[in-house]
Every structure is written in C-alpha cells, then in structure tokens.
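Novice: Mind looking over this structure? Questions follow.
Values in this text are rule-based calculations from the coordinates and carry no lab data. Values in this document were obtained by computation on a predicted structure and should not be read as measured data. Ideal geometry is used to build each Cβ from the backbone, glycine not excepted, and the neighbour counts take in all protein chains shown.
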Amino acid sequence: MSESPTVQKRAFIEMLNPANNAQHDNGRTAGDAELSAEARLFTEIFQETGSGDVGLQIKDGPMFRCHSIVLLSRGGGFLQKVRNEGTSLPRGSPIDEPVITHESFVRSSIETRKHILKDIKYSRFSQSDFGKLGGLAGRSLALFGSGVSTRSEIAGSAGSVTRPDYFALPERYEVPYGNYEQLAEILRFIYCGSMYYFDEMPHQTEVERQDKVKSIKDIFLLADRYAIDTLFEKCLRWFHSTCCQTCGPSLFADAFFQFEHYLGKIGEKIFAERLRRVVIDTLSDRRQYRAVTKDARWSSLNVDLVEAILDSDGVAVANEDEILLLIERWNAQGDKSKEEMARLMRCYRQEPFKSDYNKKMSGPSAHRGKLLRAATNIEDIGHRKLPRSHRFKEDDMVSLVGERVPSEKEAKEAQEEFVFVLMESNRAIEAGNSLVLRKGQAALQQAPFDGPGSYKIRITLSQFREAVWPSRHKVFFGVNYGATKYFGYLCEASEYDGIFMLAQVSSAQPTARNPVPITGSTSRIEVDLALSVEAPRINGVVKCSLSVLLNNANVASDTAEISSRDLLSGSGLRLDAREAHFCRSSILTFGGRCASGALSAETMFSPPFLSE
C-alpha cells in the first residue's frame, strides 16, 4: 500500500538530516559519500514519480518535480520569486491529457542542448510507456493506477469514481523567466552547486566560446530576476577572473559592455552595487583594460561610470598620461559637454617629483598641513588622492584570480605600448612622443591597428630652428598599411604667414589634390587627426576614413578602401609623420603633452618619404 504524501515528506526531511546521512553513508563508496543529499536528489526532478513537492515548468514544457526544502535552503529567493511572479497551475495534470516527457522534449527541441539527456536517462523507468503491459492486461491495470477514474468515452465523467492521486503536487507553477535549458541549469546549480556553462572544455571553437559567453550573460540576468545570490556571485567571479583567459579579449569586451548595460536593469540594489564594483575592478588587469579601452564602444559609456573607472586607484594605467588619453578616446566623436569633460579631468592625478614628494611625506606631522596648503591649485582640489601606484593591483589579482604578479619587464612593455619610434632607413633611433624629425626620418607607432573602431589623436608640428615655417618644408602625416601603401595629408606653408595648406595624397594617387587652408602660427601648427575603421565587408573590403579637425571642426576628410588581409593578418594600420627638414613633432592628447601615450589604441601610419 502506498504511503501518504505527509509520510513521504517526513521521510525525505529525515534523509536530509546530517546525522541520518552519516549513518546511510557508512555503506557507500568514497565517491558517493562526497555527494550531498541535495545532489543525489537532482535526477529525481526529471521523474514523474519523484519525491518532489513543487512542480516547475515552462510554458508547454515538461514539469520538474522539485523539493521545496532544497529550493529554500540553497536557492536564495528563487522559490519565493516563482511563487510571487509565476503562474499558478493545477496541482495535477488531467488524466486524459498527453504527458510530455523530458526526454522527448529535449530530443525534439532545437534550442536545447542534448547534454541534459545524461541527467534524465533514469527517468524513463517511471514512465507508463515503459512500465505497463500490452493488450488487455495493460488496459485492466490502468483501472488501478493512481488518479485513474472509471470514466468512459461514452458516459464521460458522469458517475465515475476517481481514486486519490498520491503524486499530486502541493504547488505547481509556470516559471516567469527563462527557457527549458536555463531552468534545468539553474536547478542543477541549486542542487549540485555546478553548472554546465562554467565547465572548462578543451579546444573550444570560436563559435563555442561565443555561445558560452552568451549563455552565462543570460544566466547572470536570470540570477538577478530570481534573486539567487550565490549564482549571481559565481557569474561575477567568472566575468572578473576567467572570461578573458578562457574566451579571449574580444569576447571579454563584449561581456564587459553587456554587463555595463545590465547596470540599469538589475532590480536588486545590492546586486547592482556589487556589479558596479566588479565592472570597475576588472580594469585593474592590464589585458582586460586594453580590451575594453581600445573598443569603439568605450565612447558610449556613461560619464558616471567612466569617472569611477578613471578615479579608481587600481585602474591598470602605466602612468597618468594614459588618463588623458582615455578621456580623449571617450570624446572621440566630440559630442561630450564641457561639464562632463571637466569631471573626467579631475581624475588626473599629478605625479610629483620624488624629491618634492619625499619632502612632503617626511618630517613631523605638524608641518604637513602647511606644505599641503602651499601646494599648487591642482593639489588643492578637495577630492585629490595620493598618486596611483601603477602596479595594476597585483596583490588583489593574485588573491582573486590566482595569477602570478607581472614582472618588471612585462610592466615596462605595457608602459611602452603607446610609444612612437623615430625611424631612419628601417632602423629605430629613439622612442618617445616628442621627437625631432629630420629629412628622411619618420615617427612611427610601434603597435599596428588591426581592428575596427574610431580613434583620435592631436599632433603638433613646430619649426624650432627658424622663426617662420619655410616654404620648402613639407610634412606628411597619414596611414600606412604596407611597404608602399598609404593615404593621408601633405602639409606645407602658404604664401601668407600662419596659413598652411593641407592636400590629400595616397599611394594610388601620389599627386597632391584638394588643398584646403588651415590656420596656425608662423612656425607651428596643431591639429586633431581622427581615424575611423569600419568592420570588414563580406567581400573583404575595409572602409577607412581619415579626417583633420581644427577647433573641433572638420576641415578635411578622405576615405580609402583596404583589404581585410592587410588589416587583420597583414601589417595593419600605423600613424606616421615624415619630414623634409628639421621639425619637432609632438603627439599630444587633450591639450597636454602625453609622455607615454599617443593615439587611441595601437595606431600609426607610414608612407614612402614625400618631399617637394
């Protein structure tokens, strides 16, 4: 005789008792003993005859027979959210309706992965199709089944008798969010503490990595909607420490901007604040910092978040000049207000000379207040903090990620990422951002630009040996994407002092064309150079646009089409300035000289030498 639901539930609670579990585990193997009671119950949620007391299902999908005590103890606010926002369903399914099994649903569903089949392989033993006899015996046995009545096709339910259904559920809901696979993985995490999406798979393809990132982003949003704090925290840890290593910088950048978008969608205030801190802290790793700040979507971030990132002590900048570079990248389109730019400029922390800094930090504390009050206006800013360590927050990264501390060589290489090299006859002479160029020399950025995006740089050309720019002096600056492939502008003085002429030149048409006048001083010119690179088209063509801006106004613009092979697997794009006579070339960003950072993300160009 079958036991009542109350007896079954009492037995189930006793089974979850740790004292009883210890007695039961004496006869098990070591591997079985490691599984918790909740994990051993996970396969029962797929069975129609399982011991669960809460039914959960998606619309037109099979039902999971879950255990309320497990959902309440390990699921955070999951069950309460389902009760409040889910659709209440009848306790039991009508006997004349077809039963949708988990196995048949997974096999017929296109969007559901088949890995769930290994978890439901034992559920078939509870299905009526596998347990009943055929013929008359099978039809006669159906009369004694649980919940079966004596109704007939002719008389219907009139005068029929229904036996008590011992497998009816106290609660049954249609979940408000997610599909079948996501619900199954959430329940797996609640019962077993693991999830298929977080498993490390060797030799994953790019498509598989993209699908993994997308799945975890969707699960992250569901963790907030169902108030599962443990799952929410696990997704944040994966995003902070594992995503970039396993999926690559490109997919990490996609995840970063998606998580940033979720900041406005998170309902729980505690979750939103936690997500905000993690989003900011991810940029304490240099590799992740480069992946995000080089992306064209950097300019679309909210000013509040950008200010928090730039004002963070742990942001992975090699020096304070990179802060100015990031501000310039954020305003690459020139659409930000002065108030927003002023807020970001306050994030710049002046790096004092060591002698001055030691003088301030040494001596009795009674004199420190006078020293600080005598500081410059920049140092008098109320929110000013101590200079950054520029160590990329190694200690925190070691504790959270388990990575080794970057060596001094690696830190030096990170600082030299934006340095320009003075070249002559294919030989590097010197590196920096303020270079003296002579005839036959070029200032070339070290790292090529190999992806789509929008980038902006300020260039200052000055004739320091003569009071007036000589008419014979011509300077080229533009884009190089091969040994003899280039496009850009040729700058020379006009007949009038302080007026210069910019003409378009390219490897396809070396003759100067479309000259436009721009203003400067008698021996100096300062312009902004903006490069826009589109994504490769299906025919392998990449469209590039190079513009010259003066006082935030576009004075010259030129477009060129290059092959995607040159951009992705070839020499890439590089910014370059070539000289015919003595000239000082300074790469500036946001009006101040940038000692170790110039162009937005790995950019610089170089054509053959052009002279009069």
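Novice: What is the order of Arg209, Arg513, fewest Cβ neighbours within 10 Å to most?
Specialist: With the sparsest Cβ surroundings first, the list reads Arg513, Arg209.
Novice: Determine, for Thr242, Thr293, the number of other Cβ atoms within 10 Å of each Cβ, and report the residues in order from fewest to most.
Specialist: Lowest count first: Thr242, Thr293.
Novice: Taking the Cβ of each residue in Met501, Met201 as the centre, tally the other Cβ atoms inside 10 Å and list the residues starting with the fewest.
Specialist: Lowest count first: Met201, Met501.
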